[in-house]
There are 2 protein chains.
Amino acid sequence: MKLYGYFRSSAAFRVRIALNLKCLAYDTELVNLSTGQHLSDEFRRVNPQGRVPALVINDTVLLQSPAIMEYLEEIHPTPAFLPEGAEARARVRALADIIACDIHPLNNLAVLNYLSGPLSASDEQKTTWYRHWVMEGFNAVEPLLAGSADTGRFCHGDAPGLADICLVPQVFNAQRFDCDLSLYPTIERVYTTCMEHEAFDAAQPAKQPEAADIA
Amino acid sequence: MKLYGYFRSSAAFRVRIALNLKCLAYDTELVNLSTGQHLSDEFRRVNPQGRVPALVINDTVLLQSPAIMEYLEEIHPTPAFLPEGAEARARVRALADIIACDIHPLNNLAVLNYLSGPLSASDEQKTTWYRHWVMEGFNAVEPLLAGSADTGRFCHGDAPGLADICLVPQVFNAQRFDCDLSLYPTIERVYTTCMEHEAFDAAQPAKQPEAADIA
């Protein structure tokens, strides 16, 4: 199993956590986003979208972190990312989707480059944009967590799952952009719990082999 | 079953198609995005995120269209949105995710309002932005469809599924913004096939009751 990734990519970070939680060994193929390697013809032959992560299993290339995580859950059901019960699974997937669909896509590298390029946004405008979408999303995630008896030590119950896997990389990014996370005590509490777990800790950007060379 | 939606919301459009494909009857509760009704305290009590769709079944509120579609697939497995086989399901989900995560979130109403508000973007800049993200996404979807033997009359095989459900509302939006779809012959072909299907046709914005009053 080979993961095309990059230490700072949130979506690759998710897949690293997922693979660690499932105790699946994998090789990493670095795709250096800072030098534009993801846009090379060579990488486009792996993923026509030119994005990481891509997970190669045997000769099958799997794209898009949410689809990859559902795949891993299907082929390695234990430990489970998703709880028992269709309503509970819908809750966990919705929390994950708020982050994966409504926060992260607005703040990825391609978008920030478009803001500073064609839209001539200043660094301050980009930072304000970044924080705005994090807060819009976290303003929904926080009450959904704090107001539900389903929330436990993790986003759903007392075991890590799909929502936690999406939440943690987003909190990392929020911290990088100095978002005020004190507004989100439940998110902070779950994040802290996650980071005490080896699967999350080992997946963090600073612990990837390329981090020291590139940062 | 009650769907909080709006005729022009792509994400609500997806859920309308999904409910139609599963032959599930539902009531509609209009949330008028053009007057900001989604941001009212009343609607925030239904969905703290202030977004449509929200699907209420018994007393459970389901949020986020991808999570809602997975839920419908679980509780009403026939006709299936997802094919047999984990790799095939991962392919369909990845196609859906390219649209649901990498195109649509960049082009929704909240983002366009931010562009014209804090970033003072002109209408022309907003249209260019819109088309840019549609093309970025469709530039990946087209070869993934055209280059795969798994593609049939629909995105995967000869029955409509999750990828088609996401594709069709995105094509509608692309047409509204005059994107050049002739670059994407496979997308156009699948879109045409879908629109011949009653479940897709009946779900289109112009056929929703509020369309005549609001448009």
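The value obtained for region A:86-200, namely the Cα convex hull volume divided by the number of residues, is 98 Å³ per residue. Relative to the Cα centre, the charge distribution of region A:86-200, modelled as +1 at Lys and Arg Cβ and -1 at Asp and Glu Cβ, gives a dipole magnitude of about 180 debye. Residue-level result for chain B: its Cβ closest to the axis carrying B onto A, with that distance in Å, is B:PRO105, 2.
Dipole of chain B computed with +1 at Lys/Arg Cβ and -1 at Asp/Glu Cβ about the Cα centre; of B:ILE187, B:LEU33, B:THR78, farthest Cα towards the positive end is B:LEU33. Give, to the nearest whole percent, the P(r) tail of region B:2-78 beyond 15 angstrom, counting all Cα pairs. Across region B:2-78, Cα pairs with separations above 15 Å total 50 percent. Over the residues of chain B, the helix contribution to mean residue ellipticity at 222 nm works out to -16000 deg cm²/dmol, using -39500 (n - 2.57) for each DSSP H run of at least 4. Can you give me the relative contact order of region B:2-78 as a percent, contacts being Cα pairs under 8 Å and 6 or more apart? The value is 36 percent. Computed from the C-beta positions of A:ASP178 and A:ASN58, the FRET efficiency with R₀ = 60 Å rounds to 0.90. For B:LYS22, the aspartates and glutamates whose Cα comes closer than 13 Å to its Cα, not counting residues fewer than 8 places off in the same chain, are B:GLU70, B:GLU73, B:GLU74, B:GLU198. Between this copy and the others, label points of A:PRO79 are 4.1 nm apart in ascending order, each placed 7 angstrom from Cα in the Cβ direction. Based on Cα contacts under 8 Å between residues 6+ apart, chain B shows a relative contact order of 24 percent. Copy-to-copy label distances for A:ASP27, where each label lies 7 Å from Cα along Cα-to-Cβ, are 5.9 nm in order of increasing length. Separation of region A:99-146 from region B:73-150 is 18 Å, based on Cα centroids. Figure legend: label point modelled 7 angstrom from the Cα of A:GLU84 along Cα→Cβ; residues of region A:136-165 with amide N under 15 Å from it are A:157-159. Comparing B:GLN125, B:GLN64, B:GLN204 in a Gaussian network model of chain B where C-alpha atoms under 10 Å apart are linked, the largest mean-square fluctuation is found at B:GLN125. Taking Cα pairs under 8 Å and at least six residues apart, what relative contact order does region A:86-200 come out at, in percent? Relative contact order of region A:86-200: 30 percent.
Counting from the shortest, the label point at B:PRO185, 7 Å from Cα toward Cβ, is 6.2 nm from the same position in each remaining copy. When only alpha carbons are used to place a centre, region A:176-215 and region A:1-16 end up 14 Å from one another.
Counted over region B:55-128 with a bin width of 10 Å, the fraction of Cα pairs per bin, in whole percents, is 16, 33, 25, 19, 7.
Dipole magnitude for region B:2-78: computed about the Cα centre from +1 point charges on Lys and Arg Cβ and -1 point charges on Asp and Glu Cβ, it is near 260 debye. Computed over chain B, the quotient of the alpha carbon radius of gyration and 2.2 N^0.38 Å is 1.00. Charged side chains reduced to their Cβ positions (Lys and Arg at +1, Asp and Glu at -1) give the protein assembly as shown a dipole of some 240 debye around its Cα centre. The alpha-carbon positions of the protein assembly as shown define a convex hull whose volume is 139 Å³ per residue.
Laboratory data are not the source of any read-out in this text; all were calculated from the coordinates shown. Note that the structure is a prediction, hence the values are computed from the model and not measured. Here the Cβ is made from the backbone with ideal geometry for all residues, glycine too, and neighbour counts use every protein chain on show.
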